[in-house]
Every structure is written in C-alpha cells, then in structure tokens.
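Structure first, commentary second.
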Amino acid sequence: MTDLSSNTGGIRSPNPFWLASAPPANSGAQVQRAFDAGWGGAVWKTLGTPIQNVSSRFGAHHVTGARHVGFNNIELITDRPLEVNFREIEDTKKKYPKHAVIVSLMVESRDEWRDIIKRSVDTGADGLELNFGCPHGMCERGMGSAVGQEPKVNQEITSWAVEYSTIPVLVKLTPNVANIVPHGLAAKRGGAHGVSLINTIKSIIGVDIDRFVPEPRVGGLSTNGGYCGQAVKPIALHMVASLAREKEFGLPISGIGGVANWRDAVEFILLGSSSVQVCTEVMLRGYRIVEDMIEGLEDYMRSHGFATLDQMVGKAIPQFSEWGNLDLNYETVAKIDAQKCIGCNKCMIACDDGAHQCIHHDPAGSKVPVVDEAECVGCNLCKIVCPVEGCITMAEVPNGWAPATWNDHVNQGLALRPKKGAH
Amino acid sequence: MATTPIDPDRSETVFEDYKGSYSRDQALAEASRCLYCFDPPCVKACPTEIDIPQFIRKIATENVRGSARTIFASNILGMSCARVCPVEKLCAGACVFNDLHQAPIQIGKLQRYATDTAYDAGWRFFDAGPDTGRSVALVGGGPASLACAHELRRHGHRCTVFEQRAVAGGLNVTGVAPYKMKADRGADEVAWVLGIGGIEVRTGVTVGVDVTLAELATDHDAVFLGIGLGADSALGVPGESLPGVQGAVAFLEAMKLSKVSVAGVRRAVVVGGGNTAVDAVRALRGLGVADVTMLYRGDEAAMSGYAHEWAAAKVAGARAEWRGVATGFDAGADGRVAAVRCQRLDAQRKPVDGDVFTLAAELVLVAIGQAKLDALVAPLGLDTKGGRIVTDADGATSRPGVFAGGDARNGGKEVVNAAAEGKRAATAIDAFLRGSAR
C-alpha cells in the first residue's frame with residue numbers, strides 16, 4: 001500500500017499537493033472545490049489589510065507554439081474583508097478536517113501580527129505561512145520580499161509569529177536574493193517550523209512593442225511583476241535543494257515553483273520537499289490537474305519501492321554536490337542511432353556553431369551524421385537538440401582513468417585525463 | 001462455424017489496420033497538442049462520456065496507466081472503441097480544433113495507445129464487489145452484455161452470459177470491418193473484461209431453444225437482454241437464393257472467423273448504402289475483388305453510411321450506382337449468380353419508366369439491414385416498437401427485472417452505444433436488486 005500522506009513541519013495532509021497562496025485559494029468555495037477534486041491542502045490567499053487591485057494583472061510568456069510557459073502577475077494580497085475570509089476558513093476546516101488549511105499572512109506592525117495570528121488560529125487552521133516573498137506592490141509598502149530580503153527582519157517577525165501562534169509556522173521565502181541559505185537560516189533562528197519556496201521572481205514578462213509599454217499594461221504604464229509557471233522550475237529546484245542540503249538548516253520544506261504535473265512534484269520531493277504547492281498550472285487548467293498528479297506520484301512510488309513519502313523526501317540530495325566534487329575523468333561521447341536518425345542535421349549545426357565541431361556529414365554520403373568521438377567532449381548539446389527520442393545517446397567511455405575530481409587534483413595531485421576539444 | 005472459433009488462417013488476416021497505432025513519440029506529440037478543454041464538446045459527443053482531456057493529459061505527462069484508468073472507468077470496452085468508433089462523427093468530429101480549421105486531436109488513436117499499453121502491461125483497474133448473492137442472466141455475449149456484466153461484477157452481482165455462438169464478443173469479434181479490428185483482438189477484449197472474475201460465459205447456448213427466457217427469469221434475480229440483431233434482411237426478389245448471393249453481415253462474419261474464397265469473382269455488387277454496405281465494399285476490395293460496385297437506392301448525400309467511410313472506400317477503388325434497386329438476379333451457365341437486374345429511381349425514389357440496367361457480378365452481398373429479434377422476447381411479453389425492445393432511459397423494459405441494451409434496444413448503433421447502454425443498465429439493475437426483496 002502506497003501512502004501519500006504528507007507532514008510538513010507538523011502540518012498534515014492526505015497528499016503532498018497544496019494550492020499555493022494565490023487566486024486559486026482566494027475563497028472558501030474555491031478551496032472546497034479543490035479539495036473535492038483531490039488537493040490535499042491549500043494555503044489561503046494572503047490575508048492582511050485588504051487592498052485594491054489594478055486591471056490588468058497577469059502576463060504570459062509564450063514560446064514559439066507553446067503558450068504560457070512562463071507567467072507573471074501584479075496582483076496583491078486579498079481584497080476581500082478579513083471577517084469573510086476567516087469565516088470561510090473556519091467553514092472549510094470544519095467541512096474538511098483532514099485537509100491542510102494554511103493561512104498566509106502579511107501585515108506590518110507587531111500588534112497587527114499578534115491580532116491577525118490570533119484570528120487565524122481561532123479558525124481552526126492547521127498552520128500559518130508568513131508571506132515574506134511577494135516581489136511587487138507590497139514590498140513597496142515594506143512588506144513581502146522587503147522582509148524576505150533582510151534576514152534580521154525575517155528572523156524578528158518570524159519570532160513574533162512563533163510566539164503568538166499555537167499552530168506551525170512556515171516562512172515563505174523570496175527567490176530575489178543572491179543566496180537563499182542565509183534567509184532560510186534566519187527563518188530557522190526565528191523559530192519557524194518550516195519554509196515554503198520559492199515565491200515569484202521579479203520580472204518584466206514582455207513589452208508591447210507598438211505602445212512601448214511593458215506588460216501587463218495598466219492604462220499607459222506597467223510595473224515589475226512576479227514571474228512563475230513552468231519556466232521557473234529550475235530556479236526553484238536549485239533553491240529548494242540548496243536549503244535541503246544545508247546541514248545547519250534541517251527544516252521541512254514546502255516546494256513551490258513551476259510544479260505542473262506529477263513528475264515535477266517528484267523532482268521537488270526528491271530534492272527535499274515534504275509537500276509541493278501549485279498555483280499557475282491550476283490558474284491555466286483548473287483544479288482537475290491534481291488527479292494526474294496523485295496517480296502519477298502513486299505510480300512512481302509503487303514502481304520505485306517507496307511505501308511512504310518520507311522515504312523519498314530528499315532522496316536526490318546526497319547526489320547534489322559542488323562542481324569541485326565532479327569526476328573530471330568521467331567521459332561520455334555521443335552516439336547516433338542510424339536507424340532512428342531522420343537527417344535533420346540539427347545536431348551538426350549545434351555542435352559546429354555552439355559546441356566543439358565534432359559532428360560531420362557522413363563521408364559515405366548517408367543522411368546520418370557521424371560523431372568524431374576523439375573530439376567529442378560529451379556535452380549533451382546534440383542530444384538536447386535532437387528531435388527524435390532515443391536517437392542520440394551519451395555513451396560512457398571506459399577510458400581507464402581512475403576517478404579524479406578538481407578538489408582531488410588540487411589537494412592530492414590526482415591525475416586528470418587529457419582534455420578533449422581544447423585546441 | 002469453423003471447428004476452432006477463430007481460424008488463425010482466416011481471410012481477414014490479409015488486412016492491415018486502416019488507422020495504425022502510435023509510437024510513444026507520436027502519442028506524446030499528439031497528446032501535447034490537446035488544449036485540455038473544460039466541459040468540452042468531445043466528451044459530450046461520446047456516449048460513454050470518457051473524460052477525454054484528462055486521459056490525453058495523462059498521456060502527455062507519461063502517466064499512461066492513469067490515462068487507461070480514466071478511459072476504462074467510463075468505458076470498459078475502451079480498447080475496441082478506440083479502433084471501431086467513428087470518431088470523425090463523435091469525439092474527433094466535435095474537437096474544437098475543427099472550429100479553428102485545424103486537424104482535430106486524434107482521440108481514437110490516443111485512446112488506442114493508452115488502452116493497448118494497458119493490455120500489453122497487464123494492468124487491471126477494477127475489482128469485483130463483495131458478493132451480494134444475487135445473480136443476473138445476460139442474453140447475448142456482445143458489447144452491451146460485456147459492459148453490463150463488468151459493471152454488475154463491480155457491484156458484486158454474479159453474472160452468467162449466454163452466447164449462441166462458439167465465441168463471445170458479438171459483433172466486435174464477428175462483425176467489425178477487419179481493417180478496424182480483427183476477431184482475435186475482439187477476443188482479447190472479452191478475456192480482459194472477464195478478468196474481473198465471476199462472469200460465467202456459456203457459449204453455444206441459444207436462448208429460446210436450449211433454455212427459455214422464462215426459465216432464465218425464474219433462475220436469476222434479473223435478466224439483461226443484449227441480443228443484438230438477427231440475420232441479414234432479404235430483398236425478396238427473384239434469384240436471391242442463387243449461389244453467390246448472400247447477406248453482408250454473414251459474409252463479414254465468415255471472413256473474420258474462417259476462410260472465404262473469392263476465387264473467380266472479378267465483379268461484385270453490394271446492395272445497400274449503410275455502414276455495413278460500405279464495410280462490405282471495402283472488405284471485398286481488400287480481398288482483391290477487382291470491380292466492386294455499391295448499389296444504393298438514393299444518392300450519395302442520402303446514404304446512411306458515414307461520408308468518411310465511403311470516402312475511404314472510394315480511395316480503395318470502389319464505385320457506386322446511385323438511385324438503383326435490385327429487382328432480380330440472373331444465373332450464369334454454372335448456376336451461380338452472374339448479374340444483378342436493376343431499376344433506376346428518381347429523386348423521390350420512384351421507378352423511372354424504362355430505365356433498367358444490369359450489373360455483372362459473380363458475388364452479391366445484400367446489406368439492407370438486419371432482422372429484429374422481437375419474436376425472441378415475445379414470451380416475456382415485453383413492449384416493443386418497430387422490433388426494438390422498449391425501455392426507459394436506464395434500460396428497464398416493461399417487465400420488472402428485465403433490462404435491455406445495445407442493438408436490440410437502439411435498433412443498431414455503434415459499439416460505444418452498446419457499451420454505454422450496458423453500463424447504464426447495470427447501474428439500474430444494481431438499484432433494482434438492492435431495492436427488491438429476495
């Protein structure tokens with residue numbers, strides 16, 4: 001039996017799939033529909049002093065045929081009365097006692113934090129998430145990422161929240177920093193039970209090149225927004241993994257950033273997330289995507305022998321290392337499967353212009369390019385551009401050299417194999 | 001009937017699939033093209049209401065197992081329907097891409113990819129419910145009864161299927177055009193459905209002869225009639241009993257289960273304009289008959305056979321005589337049929353005086369419909385209309401405890417209609433059994 005139940009810093013949910021604090025978790029009716037669709041938890045749209053939003057609010061990054069690969073927004077926190085939000089949170093929690101309901105919060109003064117935390121806890125919610133991440137609008141008012149970018153402020157406000165709260169406190173971190181680790185450690189020092197990351201990335205999604213106005217356009221002006229969607233996943237994975245492998249850290253992580261399907265979720269979990277949060281993919285396609293996420297994760301766990309989520313959380317972290325620990329004597333070369341090759345020569349032009357000029361026309365005249373393996377550095381570029389699944393593979397070369405990393409070489413003088421393609 | 005139910009050396013094996021299977025790459029590319037519409041027209045066009053966007057998205061995320069689960073949860077005959085459904089008239093015909101004047105998503109081929117993968121991998125998704133101690137007799141072993149029995153097993157009711165042929169599966173084994181699905185694949189599906197356990201299939205039992213319907217109604221807590229249609233209808237014209245004149249359904253069954261010979265047949269005529277006629281035309285062309293003509297009483301726009309099927313028949317080299325009816329058959333020197341005597345009709349389908357013609361043919365297949373089997377159910381006193389068994393929307397007949405679905409109820413539609421009606425009837429039967437005292 002595969003058990004998908006999740007525990008993030010004491011916040012339990014039937015599965016690790018949570019709605020992120022965002023428009024899909026704006027109201028009780030929405031969150032309850034999401035739970036009916038299968039979501040395990042929801043982080044309520046951030047509560048604070050209700051704001052007034054602009055129109056328009058969203059922008060999208062379309063990439064030659066693939067729509068909305070990236071997404072951004074200039075929407076702020078809740079614009080609904082606090083009492084309505086609290087009433088709906090309480091109602092939701094009563095109707096769905098086993099699901100995780102987390103209240104996202106963003107206010108300024110210590111008194112405001114005390115008041116809003118008490119009201120949040122009184123709803124019966126399972127946890128709090130402190131929004132120290134929002135990179136647009138709210139940060140101009142001294143909140144959101146303005147807090148998340150200052151470890152001292154982060155730590156202080158976190159300590160207030162932990163003092164006032166009787167339920168677990170997660171700190172949502174901003175990616176708009178040079179190194180995420182000090183910010184995660186600040187939250188830990190403040191007493192947080194876990195962290196959520198990443199919030200959105202400061203961005204301009206595009207420019208209306210006829211009106212000379214960035215997008216999304218509000219009348220004749222625009223502003224920077226928060227970038228998210230599938231395109232940000234690599235950045236999010238790195239930040240999650242950076243905290244997960246940090247020995248001094250050790251807090252549970254709720255992973256966020258470009259999770260669109262079960263496979264993305266597996267990656268976040270393997271890099272240390274106990275739960276994952278989703279917003280953009282739900283905004284684009286609806287709550288129904290969770291069905292595939294649950295099935296896919298369950299299937300993956302079963303096929304890989306994981307009985308519980310705990311067994312797979314962070315499973316890839318030991319293999320996430322420093323460059324200096326990579327084996328310089330490990331060698332691969334590209335192999336082209338002549339039976340599969342369609343003769344597009346994309347590998348050839350990529351190698352010629354973008355790599356090491358080691359893929360050439362077949363001297364015998366066939367459509368299948370040939371790899372000069374003596375020159376091939378094993379960079380993967382040809383495999384990446386090849387449109388045919390399984391046509392180009394990177395084969396390991398048993399070159400007889402004992403493993404040697406840069407650190408080994410510098411510290412112990414271990415010998416490195418001769419460089420390829422460096423002439 | 002051949003000694004083995006499905007002869008490995010049967011005639012249909014010369015056919016290749018008209019719509020081939022997808023490779024993984026092809027399936028991924030096509031699935032990724034799907035817009036994942038919400039509450040979309042493709043689902044509304046499917047009688048079994050498969051959640052098409054969901055199963056396609058799951059192919060795109062490489063959750064093929066989940067994809068197959070989504071399909072089978074709505075339609076346990078999803079594997080055969082992927083092959084035999086007229087998707088051009090159903091899901092794919094309703095795809096929103098048509099409105100964009102772009103190629104619709106190849107829903108049938110994607111469904112085939114997911115369901116074939118499930119069959120190959122041996123995935124099973126459904127278990128029988130706890131035994132209720134109730135039993136249901138299902139008459140006819142075709143798609144309607146199989147879909148009904150599978151759903152009844154999920155509710156925990158015991159099922160016995162009575163099939164007069166030596167092999168279960170109904171038209172999915174004996175009647176589907178061979179370039180859509182061959183008999184052995186239909187038999188694979190029967191085995192897969194029966195894999196849920198607890199469904200006894202009694203082949204070679206003709207209800208009404210070997211056992212009466214009244215006996216079944218007494219011995220079981222409920223009866224489902226999935227009896228389909230009867231033999232090919234006859235034209236009732238002189239010479240129809242000549243060797244070389246036969247029903248199209250019977251011919252298709254013979255070529256699917258055994259070896260038929262078209263040696264000496266250079267010209268063939270298929271009488272009719274429905275989908276069976278078009279199937280017969282394409283089958284004869286595929287078997288190598290040089291000159292195949294469809295003789296239809298109306299014009300091309302009026303034929304009930306699907307336009308896309310007829311278009312494919314034309315590509316395969318078939319011809320048509322529009323507005324013509326067969327008035328008789330002439331024998332050649334060998335005593336076999338040699339020609340079809342025909343009368344031209346006008347636009348109102350009235351004979352045009354003096355406009356008669358002859359089509360030479362060494363083989364004639366008559367495809368003008370099939371007999372209704374209302375006489376079989378007469379002993380139960382069920383209401384019928386035009387030979388169809390009258391039921392409510394859930395398949396309940398005029399007699400409590402007796403339900404019906406498939407061609408016997410709808411007069412002859414698609415496999416997917418039979419699957420939908422069988423499943424829906426099972427839900428009604430379950431409610432009936434749980435509501436009725438023992």
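Just so you know, all these numbers are worked out from the coordinates, no wet-lab data involved. Being a predicted model, the structure only gives us computed values, none of them experimental. With ideal geometry, Cβ positions are generated from the backbone for all residues, glycine too; neighbour counts draw on all protein chains shown.
Sorting B:Thr293, A:Thr166 by the number of Cβ atoms found within 10 Å of their own Cβ, with the fewest placed first, yields A:Thr166, B:Thr293.
The range B:374-438 and the range A:308-345 have their alpha-carbon centroids 58 Å apart.
Cross-link partners of B:Lys109 among lysines, defined as those whose alpha carbon lies under 25 angstrom from its own and excluding same-chain residues fewer than eight positions apart: A:Lys340, B:Lys19, B:Lys44, B:Lys58, B:Lys89, B:Lys180, B:Lys182, B:Lys256, B:Lys314, B:Lys413, B:Lys423. Put simply, the C-alpha atoms of the range B:239-356 give a gyration tensor, and the ellipsoid matching it has half-axes of 23, 19, 11 Å, longest first. Take the alpha carbon atoms of the range A:94-122, find their center, do the same for the range B:269-295, and report the distance between the two centers in whole angstrom. Cα centroid to Cα centroid, the span is 73 Å. What shape does the range B:112-168 take by its C-alpha gyration tensor, where a ≥ b ≥ c are the square roots of the eigenvalues and a/c under 1.5 counts as rounded, a/b above b/c as prolate, and the rest as oblate? Oblate. Dividing the helix sum by the residues of chain A, where each DSSP H run of 4 or more adds -39500 (n - 2.57), gives a mean residue ellipticity at 222 nm of -8500 deg cm²/dmol. Charge dipole (Cα centre; +1 on Lys/Arg Cβ, -1 on Asp/Glu Cβ; no other charges) of the range A:1-105 amounts to roughly 100 debye. Within the shell of other residues whose beta carbon sits under 10 angstrom from the beta carbon of B:Gly286, the net charge comes to 0, with Lys and Arg scored +1 and Asp and Glu -1.
Computed from the alpha carbon atoms alone, the convex hull of the range B:20-121 holds 88 Å³ per residue.
Computed 3J(HN,Hα) for the range B:132-144, one whole-Hz value per residue from the Karplus formula 6.51 cos²θ - 1.76 cosθ + 1.60 where θ = phi - 60°, is 8, x, 9, 10, 10, 9, 10, 9, x, x, x, x, 4, glycine and proline marked x.
Report the per residue volume, in Å³, of the convex hull enclosing the C-alpha atoms of chain B. Can you show the working numbers first?
Numbers: hull volume 67.5 nm³, N = 438.
Measuring per residue, one finds 154 Å³ for the Cα hull of chain B.
How charged is the neighbourhood of A:Pro81? Take every other residue with its Cβ under 14 Å from the Cβ of A:Pro81, and add Lys/Arg as +1 and Asp/Glu as -1. Result for the neighbourhood of A:Pro81: +1.
Derived scalar couplings between HN and Hα for the range B:73-79 equal 4, 8, 9, 5, 9, x, 5 Hz in order, rounded to whole Hz, by the Karplus curve 6.51 cos²θ - 1.76 cosθ + 1.60 (θ = phi - 60°), x for Gly and Pro. Annotation: the antiparallel percentage among DSSP beta bridges lying fully within the protein assembly as shown is about 40.
Just rank B:Phe15, A:Phe320, B:Phe329, fewest to most, by other beta-carbon atoms within 10 angstrom.
If I rank by nearby Cβ atoms, fewest first, I get A:Phe320, B:Phe15, B:Phe329.
Near B:Phe162, once Lys and Arg are set to +1 and Asp and Glu to -1 for all other residues with Cβ below 12 Å from its Cβ, the sum equals -3. Debye sum, Cα scatterers, the protein assembly as shown, no solvent: what log₁₀ I/I(0) at q = 0.05, 0.08, 0.10 1/Å? Values returned for q = 0.05, 0.08, 0.10 Å⁻¹ are -0.40, -0.90, -1.14. Counting every alpha-carbon pair across the range A:323-412, the share separated by more than 16 Å comes to 56%. The helix-only estimate of mean residue ellipticity at 222 nm for chain B, built from DSSP H runs of length n ≥ 4 each weighted as -39500 (n - 2.57), is -10000 deg cm²/dmol after division by the residue total. In order along the range A:393-402, phi translates into HN-Hα couplings of 10, 9, 9, 6, 9, x, 8, x, 7, 5 Hz, rounded to whole numbers, per the Karplus curve 6.51 cos²θ - 1.76 cosθ + 1.60 with θ = phi - 60° and x for Gly and Pro. As a proxy for reagent exposure, B:Cys95, B:Cys81 were ordered by neighbouring Cβ count within 10 angstrom, fewest first; the result is B:Cys95, B:Cys81.
The range B:44-122 and the range B:140-209 have Cα centres lying 22 Å from one another.
For the peptide B:54-65, the mean number of other protein chain Cβ atoms found within 10 angstrom of a residue's Cβ is 5.
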